[in-house]
Amino acid sequence: MSADSRIQAITHRIVERSKPFREPYLDRVRKAAAKGVQRSVLSCGNLAHGFAVCSPAEKTALAGDRVPNLGIITAYNDMLSAHQPFETYPALIRAAAAEAGGVAQVAGGVPAMCDGVTQGQPGMELSLFSRDLIAMSAGVGLSHNMFDSVVYLGVCDKIVPGLVIAALTFGHLPAVFVPAGPMTTGLPNDEKARIRQLYAEGKVGRAELLEAESKSYHGPGTCTFYGTANSNQMLMEIMGFHMPGASFINPGTPLRDALTKESARRALAITAQGNEFTPAGEMIDERSVVNGVVGLHATGGSTNHTLHLLAMARAAGILLTWKDISDLSDIVPLLARVYPNGLSDVNHFHAAGGMGFLIKELLKGGLLHDDVRTVYGQGLHAYTIDPKLGDNGAVLREPSPEKSHEPKILANIETPFQPTGGLKMLSGNLGSAVIKISAVKPERHVIEAPAKVFHNQLELNDAFKNGALEGDFIAVVRFQGPKANGMPELHKLTTILGILQDRGQKVALLTDGRMSGASGKVPAAIHVTPEAVDNGPIARIQEGDMIRLDAVHGTLQVLVDAKELGARIPASPDLSGNDFGMGRELFAPFRAVAGPADQGASVLFA
């Protein structure tokens with residue numbers, strides 16, 4: 001099944017643009033793979049250290065070159081609900097590896113922070129850079145050169161992108177990603193949002209707010225709204241890093257464990273010692289990346305991936321741009337309504353047909369490349385399934401349904417929720433930006449209003465509390481980019497601006513920072529680049545300037561004469577308060593060298 005000619009044309013231009021980087025990358029991957037089993041280059045002393053704690057049988061197996069050794073990179077900690085289930089995964093993986101005639105070792109752990117805990121706190125200024133740190137940490141674990149294949153245990157916001165960067169950096173090794181799944185459904189997301197707004201207005205107290213939040217985030221697994229964490233899982237499946245159907249099975253279930261064991265066995269089956277060698281760096285190519293972007297648009301996924309996908313692709317020598325993402329958005333229809341793009345959560349999405357149905361419909365429409373390599377060993381059509389638990393305890397895959405079980409959540413390709421994707425790119429005399437429109441009502445896709453200027457989200461929060469946010473306005477929150485303070489999410493502003501919008505005011509946000517992957521109904525032009533600290537035009541906006549945000553035509557303009565705008569002295573607030581506390585001083589080198597948002601805001605590919 002061939003992809004639509006428009007999809008092919010965008011893929012082709014990515015291929016051509018990437019050649020100066022992709023070809024040397026593939027050459028490095030192939031040279032590393034050609035060396036054969038990596039343990040063969042280790043001295044006896046090296047190897048003895050590497051398997052010192054193994055059983056006698058495992059030592060005998062690893063002393064030769066024929067038994068594959070599976071490395072486990074884990075983001076386990078028991079504070080994060082999404083990662084707590086990983087505590088038991090190494091034992092499951094070791095047992096499955098032994099049954100398959102291999103060995104498995106935990107190669108290393110990587111940090112995993114929760115944006116839900118750090119929202120609005122100083123620690124959020126470490127969040128984006130934790131992605132690159134995770135890639136580096138995984139690299140340390142794999143640098144021992146003991147492994148023939150790797151399973152990556154990670155779920156949440158920066159963790160999966162960081163692990164993908166590591167997997168592609170060690171692209172000569174096969175890589176299988178193993179999720180933990182979403183927590184069961186708790187308090188409906190719209191009810192949680194309602195109580196947040198009541199709290200912000202002073203109509204309920206902290207006790208009521210905490211009760212609602214605790215009913216929403218109530219057990220092991222990923223938060224159930226469709227933010228960055230669940231967008232990650234969609235991406236890993238549609239890009240072929242997951243086993244088919246693995247993304248949205250709840251933790252602690254027999255099917256979840258069966259998928260984990262199957263993933264371990266498959267990771268061993270695709271090593272260089274077998275007949276299905278699938279090195280990650282060759283498996284993921286420009287077609288895989290385009291499939292990921294298509295999935296992001298079709299599901300109204302996280303804006304954070306306009307950063308992460310660029311950095312992930314760059315790790316494989318592939319140059320993806322915001323224009324590629326924007327052009328794909330014009331082609332790909334929205335097929336999913338999951339909060340904040342709808343009222344349902346990812347458990348409802350999975351019950352409606354889930355990833356198998358989504359992929360089937362996108363293939364039917366010619367919007368995906370089927371002829372890609374995956375860890376499963378077949379084209380993407382093999383992912384058009386519904387996973388079940390067989391009578392023998394193994395994974396059973398049935399064909400995905402012909403029709404959605406719930407058309408209000410998951411649509412057929414013939415009847416999409418909207419004809420274009422959930423993300424749009426904006427450009428104009430303020431630079432470039434990203435906006436998520438899948439949850440924004442059409443009448444709010446164009447906002448023209450005077451600027452109210454702030455240099456951090458606390459200033460805007462104080463203005464709200466003081467009743468200073470009257471009338472229509474566009475809130476300009478600047479000096480929030482990667483070089484200024486690490487580009488924190490400004491999720492706390494969602495509630496405030498949502499309240500004002502519900503009161504009938506026309507409001508929007510303009511920032512060089514980020515919003516949450518779950519940001520929704522308020523128009524928000526985010527990731528503005530050049531950022532303010534890099535002398536971007538956003539630093540020249542003054543209080544009261546008229547700004548026009550037009551998501552229909554993809555433009556972002558401050559309505560000021562070009563000569564006047566250029567002659568203004570850029571704002572230069574004191575940013576020293578961002579330099580210390582909660583570990584921020586440790587990340588000063590990252591802030592100094594971070595690349596721009598439209599190149600992934602990375603310290604690795606700046």
query = Can you tell me how many residues in region 539-548 are crowded, with 16+ Cβ neighbours inside 10 Å, within 20 Å of Lys506 (Cβ to Cβ) and not charged (D, E, K, R)?
reply = 2
note = Scanning region 112-124 for residues that are surrounded by fewer than 24 Cβ atoms within 10 Å (Cβ to Cβ) and in a helix (DSSP H, G or I), the one modelled with the lowest pLDDT turns out to be Gly116
ask   = Which condition breaks for Ser18 when tested against (1) over 18 Å from Leu310 (Cα atoms); (2) assigned to a helix (DSSP H, G or I)?
value = (1)
remark   = Subset of region 21-57, residues loosely packed, with under 14 Cβ neighbours inside 10 Å, more than 30 Å from Glu286 (Cα to Cα) and among the aliphatic types (A, V, I, L, M), comes to Val41, Ala48, Ala52, Val53, Ala57
request  = Answer yes or no as to whether Ala524 is under 21 Å from the mean Cα position of the chain (by Cα), of a type in the set (Gly, Ala, Ser) and surrounded by 21 or more Cβ atoms within 10 Å (Cβ to Cβ).
outcome  = yes
inquiry  = Kindly evaluate Leu320 against the criterion of being out of contact with any strand residue (DSSP E or B) (no Cβ under 6 Å at 6 or more places or on another chain) and of a type in the set (A, V, I, L, M, F, W, C).
reply    = yes
key: Among residues of region 558-587, those that are within 20 Å of Ala433 (Cα to Cα) and surrounded by fewer than 11 Cβ atoms within 10 Å (Cβ to Cβ), counted   = 1
task = Six or more apart or on different chains, Cβ under 8 Å: which pairs go from a residue in region 259-277 that's touching a residue at least 60 places away in the same chain (Cβ under 8 Å) and in the same structural domain as Pro179 (by TED's automatic domain parsing) to one that's surrounded by 24 or more Cβ atoms within 10 Å (Cβ to Cβ) and polar (S, T, N, Q)? Could you list them?
result = Ala267/Ser149; Leu268/Ser149; Ile270/Ser149; Ile270/Thr278; Thr271/Ser149
ask   = For region 74-117, which residues satisfy the criterion of being aliphatic (A, V, I, L, M), more than 20 Å from Pro251 (Cα to Cα) and in contact (Cβ under 8 Å) with a residue 24 or more places away in the chain?
value = Ala97, Ala100, Val103, Ala104, Val106, Ala107, Val110, Val117
ask   = Quick check: anything in region 266-278 basic (Lys, Arg), part of a helix (DSSP H, G or I), more than 21 Å from the chain's Cα centre (by Cα) and surrounded by fewer than 21 Cβ atoms within 10 Å (Cβ to Cβ)?
value = no
ask   = Within region 553-573, how many residues are closer than 23 Å to Gly471 by Cα and part of a loop (DSSP other than H, G, I, E, B)?
value = 2
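On the basis of being touching a helix residue (DSSP H, G or I) at 6+ places or on another chain (Cβ under 9 Å) and part of a helix (DSSP H, G or I), does Lys388 make the cut? Spell out how you get there, then give the answer.
On the way: touching a helix residue (DSSP H, G or I) at 6+ places or on another chain (Cβ under 9 Å): yes; part of a helix (DSSP H, G or I): no.
Against the criterion (touching a helix residue (DSSP H, G or I) at 6+ places or on another chain (Cβ under 9 Å) and part of a helix (DSSP H, G or I)), Lys388 does not qualify.
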query = With respect to Ala551, is the statement that it is touching a residue at least 24 places away in the same chain (Cβ under 8 Å) and surrounded by 22 or more Cβ atoms within 10 Å (Cβ to Cβ) true?
reply = yes
request  = Would you mention how many residues in region 453-473 are more than 30 Å from Val593 (Cα to Cα) and touching a residue at least 60 places away in the same chain (Cβ under 8 Å)?
outcome  = 1
ask   = Is at least one residue of region 230-246 over 30 Å from Gln501 (Cα atoms), touching a Gly at 6+ places or on another chain (Cβ under 8 Å) and among the small types (Gly, Ala, Ser)?
value = yes
inquiry  = Whether any residue in region 120-138 is touching a strand residue (DSSP E or B) at 6+ places or on another chain (Cβ under 9 Å) and closer than 30 Å to Asn275 by Cβ is what I want to check.
reply    = yes
Test: residue in region 410-418 that is over 30 Å from Leu549 (Cα atoms) and without any contact (Cβ under 8 Å) to a residue 24 or more places away in the chain = yes
ask   = Of Pro161, Pro179, which residue is farther than 23 Å from Gly513 by Cα and within 14 Å of the chain's Cα centre (by Cα)?
value = Pro179
query = Conditions: (1) at pLDDT 95 or above; (2) on the phi > 0 side of the Ramachandran plot; (3) in a loop (DSSP other than H, G, I, E, B). Met582 meets all but one. Number of the miss?
reply = (1)
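The values are calculated or read from the model by the stated rules, or taken from the named source; none is laboratory data. Please read these numbers as outputs of a predicted model, since none were measured by experiment. So basically every Cβ, Gly included, is an ideal-geometry build from the backbone, and we count neighbours across all protein chains shown.
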